[in-house]
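Undergrad: Structure incoming, see below.
The values are calculated or read from the model by the stated rules, or taken from the named source; none is laboratory data. Keep in mind the model is a prediction, meaning the values are calculated, not measured. Quick reminder, even Gly has a Cβ in these numbers, built from the backbone with ideal geometry, and neighbours come from all protein chains shown. These accessible areas exclude ligands, DNA and RNA; they are computed on the full protein's heavy atoms, side chains included. Shrake-Rupley method; radii C 1.70, N 1.55, O 1.52, S 1.80 Å.
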Amino acid sequence: MAARELVVLGTASQAPTRTRNHNGYLLRWDGRGFLFDPGEGTQRQMLLAGVPSSAVHRVLLSHFHGDHCLGLPGVVQRMSLDGVAHPVAAHYPASGQVFFDRLRHATPFADLAEIREEPVTGPGRLAEDPAGVLEVRRLEHPIETYGYRLVEPDGRRMLPDRLAAAGVTGPDVGRLQREGALRVGETTVRLDDVSEHRRGQRFAFVMDTRMCDGVAALADGADLLVIESTFLAEDAVLAHRYGHLTARQAARVAAQAGVRRLVLTHFSQRYPDPRAFEEEARAEFDGDLVVAADLQRVPVPPRADAPGG
């Protein structure tokens, strides 16, 4: 079965700690790889996590603060060293082009990887990927910042009992899916008769922001939401001043948006005990909650209509 999971490469905010590397998150989705916010040390974290550079098909930067992008030079150079054969798209705020150029060409090296620059110029639909549609929303931080959302197209789930009753078997199942209708004996079997609507899965990535409309739009109906929770509520004034969320705010967003699995991350070094984030978030969100740790793997929840899902 193809993997859909988040590989957590780092969970620290501005300053790394002994146990937390700077940011880095790889979403693996049916053979596609989306690397979000590769902070300093991401290349090494990928090695520790058993993730090759060839697993990355898109690199997505929310903004150009160092803890979200200083690992880019190492990742790009490793792609060239490893001879990654496929093109890699790079998304980042267009206003930071000068910073991207510096990171992309930080040192001399054999520049062999094909990096396709696709900067973000505003909210909306960003790109179509084999995994689904990538969308972006503007967030509220001291510099231009965007959050990302991956939306898998809706589909159909075939119902074995109805297929059997209609006499549709073998290659005819695929033909029915392609053509929408199939003649079986004296009867026309339509796709709607033997299947049901299947909602596409959704992933959202929200970093470095105060509460704003973009946060809610990204989180809406997400199966997996990765969201910053830099501060605890006791420091809410600091959170707002520096353009961040508290764990309580992040959890409240998830509850209101109907999120199925919530991943809290981007923790300030001022808090040594991660259990405090879980305790605070539980006051707002009673669903599936993960307080992220470096090198952790977090599966995308099974489809809501799947057995046991």
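Undergrad: Out of (1) surrounded by 20 or more Cβ atoms within 10 Å (Cβ to Cβ); (2) without any contact (Cβ under 8 Å) to a residue 60 or more places away in the chain, the odd one out for ASP37 is which?
TA: All conditions pass for ASP37, except number (2).
Per-residue answers, yes or no, for (1) under 30 Å from ALA239 (Cα atoms); (2) in contact with a Ser or Thr (Cβ under 9 Å, 6 or more places away or on another chain); (3) of a type in the set (Ser, Thr, Tyr):
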residue: HIS65; (1), (2), (3): yes, yes, no
residue: ASP82; (1), (2), (3): no, yes, no
residue: HIS86; (1), (2), (3): no, yes, no
residue: GLY132; (1), (2), (3): no, no, no
residue: VAL136; (1), (2), (3): yes, no, no
residue: PRO142; (1), (2), (3): yes, no, no
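Undergrad: Identify the single condition in (1) crowded, with 17+ Cβ neighbours inside 10 Å; (2) over 14 Å from the mean Cα position of the chain (by Cα) that VAL173 does not satisfy, given that it satisfies every other one.
TA: With (1) crowded, with 17+ Cβ neighbours inside 10 Å; (2) over 14 Å from the mean Cα position of the chain (by Cα) applied to VAL173, the lone miss is (1).
Undergrad: While we're on this one: Consider segment 245-264. How many of its residues are free of Cβ contacts under 8 Å to residues at least 60 places away in the same chain and either β-branched (Val, Ile, Thr) or in contact with a Ser or Thr (Cβ under 7 Å, 6 or more places away or on another chain) (or both)? Explain how you work it out, then say what you get.
TA: Step one: of segment 245-264, the residues free of Cβ contacts under 8 Å to residues at least 60 places away in the same chain are 245-262, 264.
Subsequent filtering for residues that are either β-branched (Val, Ile, Thr) or in contact with a Ser or Thr (Cβ under 7 Å, 6 or more places away or on another chain) (or both) retains 245-247, 250, 253, 259, 264.
Going through segment 245-264 one residue at a time, the tally reaches 7.
Undergrad: Another one. When you scan segment 64-100, how many residues do you find that are open to solvent by less than 10 Å² (accessible area, probe 1.4 Å) and in a loop (DSSP other than H, G, I, E, B)?
TA: Summing the residues that are open to solvent by less than 10 Å² (accessible area, probe 1.4 Å) and in a loop (DSSP other than H, G, I, E, B) in segment 64-100 gives 3.
Yes/no per residue for (1) among the β-branched types (Val, Ile, Thr); (2) in contact with a strand residue (DSSP E or B) (Cβ under 8 Å, 6 or more places away or on another chain); (3) modelled with pLDDT of 95 or more:
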| site | (1), (2), (3) |
| --- | --- |
| PRO274 | no, yes, no |
| PHE285 | no, yes, yes |
| LEU289 | no, yes, yes |
| ALA292 | no, yes, yes |
| PRO299 | no, yes, yes |
| GLY308 | no, no, no |
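Undergrad: Something else: Within segment 165-187, track down each residue that is in a helix (DSSP H, G or I) and of a type in the set (A, V, I, L, M). Don't jump to the end; show me each part of the working.
TA: The first filter runs over segment 165-187 and keeps only residues in a helix (DSSP H, G or I), leaving 165-166, 171-179.
ALA165, ALA166, VAL173, LEU176 - these are the residues of segment 165-187 that are in a helix (DSSP H, G or I) and of a type in the set (A, V, I, L, M).
Undergrad: Got a number for residues in segment 40-63 being open to solvent by 30 Å² or more (accessible area, probe 1.4 Å), assigned to a helix (DSSP H, G or I) and in contact with a His (Cβ under 9 Å, 6 or more places away or on another chain)?
TA: The number of residues fulfilling the criteria is 1.
Undergrad: Across segment 146-170, what is the number of residues that are touching an Asp or Glu at 6+ places or on another chain (Cβ under 7 Å), over 20 Å from ARG28 (Cα atoms), in contact (Cβ under 8 Å) with a residue 60 or more places away in the chain and open to solvent by less than 40 Å² (accessible area, probe 1.4 Å)?
TA: 0
Undergrad: Report, by residue number, each residue of segment 176-193 that is within 9 Å of ALA166 (Cβ to Cβ) and loosely packed, with under 12 Cβ neighbours inside 10 Å.
TA: Of everything in segment 176-193, just one residue is within 9 Å of ALA166 (Cβ to Cβ) and loosely packed, with under 12 Cβ neighbours inside 10 Å, namely THR187.
Undergrad: Mind checking whether some residue in segment 280-295 is open to solvent by 20 Å² or more (accessible area, probe 1.4 Å) and in a helix (DSSP H, G or I)?
TA: Within segment 280-295, one or more residues are open to solvent by 20 Å² or more (accessible area, probe 1.4 Å) and in a helix (DSSP H, G or I).
Undergrad: Here's a follow-up. Kindly check whether there is at least one residue in segment 198-216 that is among the charged types (D, E, K, R), in a helix (DSSP H, G or I) and closer than 27 Å to ALA255 by Cβ. Don't jump to the end; show me each part of the working.
TA: Start the filter on segment 198-216 by keeping residues that are among the charged types (D, E, K, R), which leaves 198-199, 202, 208, 210, 213.
Those still in the list that are in a helix (DSSP H, G or I) too: 213.
Retained after the next criterion (residues that are closer than 27 Å to ALA255 by Cβ): 213.
Yes, that holds for at least one residue.
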